Amino acid sequence: MQLGINLGYWGAGMDADNLVVAKEADKLGYAVCWAAEAYGSDAATVLSWVAAQTERIDIGSAIFQIPARQPAMTAMTAATLDSLSGGRFRLGLGVSGPQVSEGWYGVKFDKPLARTREYVEIVRKAMTRERLSHDGEHWTLPLPGGPGKPLKLTVHPQREQIPLYIAAIGPKNLEQTGEIADGALLIFPAAEHLEETALRHLRAGREKAGRTMDGFDVVPTVPLALGKDADVDALADMFRPYTALYVGGMGSRKQNFYNQLAQRMGYEKEAAEIQDKYLSGDKDGAAAAVPRSLIDSTTLLGSVDRIADRMRAYAAAGVTTLTLAPAGFTLDERLASLRAGTEALERAGVA
């Protein structure tokens, strides 16, 4: 199992600190540095800046939002970042959610599976530098009856094939991800539930494509808070607002993938209560309703030894790249968490 680092969203008042964190992760031997986007900073610009100031660490989009870009544009961006970084780019894609897709981009959030499949087909074809033509439900290239003609990408990626990941939560999305992608980006992963909530669906998709899980990258993101084991309850409290936001406030009442995931992990009653309180405006009540066990199972909390134990569980469950989101109110705290991650991995013996 390798380690990654997730910088989250840029522009949250920690821009300079994030670059220091990325550079330190590069020195410590982290495998990949991911950047996210929603409706603020875009991931491509952040990744180009990080790539210019690091040497070995891969850079990855977690994620490029599918409604934000035409697929040919994504292929151009991926090829450019791979070329500029010396072959260090990983392409992560996702459909985002209905609020962002329709509210920010003005793109209808319908048929996300079919849209993702078609999008990946176009991106992959464009990156092979074949002449691009496509006749599908969502995209037609070139447009018929006009002056357009099949074109091919003029930029040479550093590698013959750029690794392609999809952010997946639901069973059908996970199965399709296993079928058409090189890796899966997961969130709120509990090692104890990973087989039933994710891996069996990914495996089914791989089998549908005539492949095994060999070489397929399973990449969950887990927050990390370093401290004494006696203070685990207090450390867990740091992530109550974060968990409540996703389980209670992301998407809509009918389309909250994170809430559905919590239910599949056995928290049906709790997930409903968190959502009811969050959507009614009681964010503090929603945070208080988050079970400590849900937080503890989806984060890394406590001493290096305790974190190492959890890393062993993730590796045994089938995780191949464990992406950390180190918590801390200061840069020094975040760097300490980052270094603790590598120490814990070494103690876990699963590197």
Scanning segment 144-175 residue by residue, those crowded, with 20+ Cβ neighbours inside 10 Å, over 22 Å from the mean Cα position of the chain (by Cα) and free of Cβ contacts under 8 Å to residues at least 40 places away in the same chain turn out to be none
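Output the number of residues of segment 312-329 satisfying the condition of being touching a helix residue (DSSP H, G or I) at 6+ places or on another chain (Cβ under 6 Å), under 23 Å from M238 (Cβ atoms) and assigned to a loop (DSSP other than H, G, I, E, B).
From segment 312-329, those touching a helix residue (DSSP H, G or I) at 6+ places or on another chain (Cβ under 6 Å) are 312-314, 317-318, 322, 324, 326, 328; that's our starting set.
When the remaining residues are screened for being under 23 Å from M238 (Cβ atoms), the result is 313-314, 322, 324, 326, 328.
Among the residues that remain, those that are also assigned to a loop (DSSP other than H, G, I, E, B) are: 328.
Adding up the residues that qualify gives 1.
So which residues in segment 1-35 are of a type in the set (A, V, I, L, M) and over 16 Å from A327 (Cα atoms)?
M1, L28, A31, V32
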Of the candidates A75, A126, A79, the one satisfying the condition of being surrounded by 17 or more Cβ atoms within 10 Å (Cβ to Cβ), touching a helix residue (DSSP H, G or I) at 6+ places or on another chain (Cβ under 8 Å) and within 25 Å of T320 (Cα to Cα) is A79
The correct count of residues that are part of a loop (DSSP other than H, G, I, E, B) and either of a type in the set (F, W, Y) or assigned by TED's automatic domain parsing to the domain that holds S96 (or both) in segment 239-254 is 1
The residue that is farthest from W10 (Cα to Cα), considering only those in segment 20-40 that are surrounded by fewer than 17 Cβ atoms within 10 Å (Cβ to Cβ) and without any contact (Cβ under 8 Å) to a residue 60 or more places away in the chain, is K27
Screening D305, D332, D309 for residues that are under 24 Å from L186 (Cβ atoms), assigned to a helix (DSSP H, G or I) and assigned by TED's automatic domain parsing to the domain that holds A168 leaves only D309
- Query: Among the residues of segment 206-224, is any outside the structural domain of T342 (by TED's automatic domain parsing), in contact (Cβ under 8 Å) with a residue 40 or more places away in the chain and part of a loop (DSSP other than H, G, I, E, B)?
  - Reply: no
So, first residue more than 21 Å from K277 (Cβ to Cβ) in segment 229-251, second residue surrounded by fewer than 21 Cβ atoms within 10 Å (Cβ to Cβ), Cβ within less than 6 Å, six or more apart or across chains; the pairs are D229/S303; D229/R306; L235/G227
Exactly one of E196, E175, E207 is at pLDDT 95 or above, among the acidic types (D, E) and more than 19 Å from V120 (Cβ to Cβ), and that residue is E196
Open item on the list: Being at pLDDT below 95 and of a type in the set (D, E, K, R) is the requirement here; does R129 meet it?
Closed with: yes
Considering segment 82-99, residues that are farther than 19 Å from C33 by Cα and of a type outside the set (A, V, I, L, M), and then whichever is surrounded by the fewest Cβ atoms within 10 Å (Cβ to Cβ), we arrive at Q99
Just a yes or no: is a residue in segment 189-199 part of a loop (DSSP other than H, G, I, E, B), in the same structural domain as G341 (by TED's automatic domain parsing), crowded, with 21+ Cβ neighbours inside 10 Å and in contact (Cβ under 8 Å) with a residue 24 or more places away in the chain? yes
Conditions (1) in a strand (DSSP E or B); (2) surrounded by 23 or more Cβ atoms within 10 Å (Cβ to Cβ) -> G178 fails only (1)
Taking segment 258-276 and keeping residues polar (S, T, N, Q) and either touching a residue at least 40 places away in the same chain (Cβ under 8 Å) or over 21 Å from K172 (Cβ atoms) (or both) leaves Q260, Q275
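The values are calculated or read from the model by the stated rules, or taken from the named source; none is laboratory data. Computed from a predicted structure; not experimentally measured. Cβ coordinates were reconstructed from backbone atoms using ideal geometry, including for glycine residues, and neighbour counts include every protein chain displayed.
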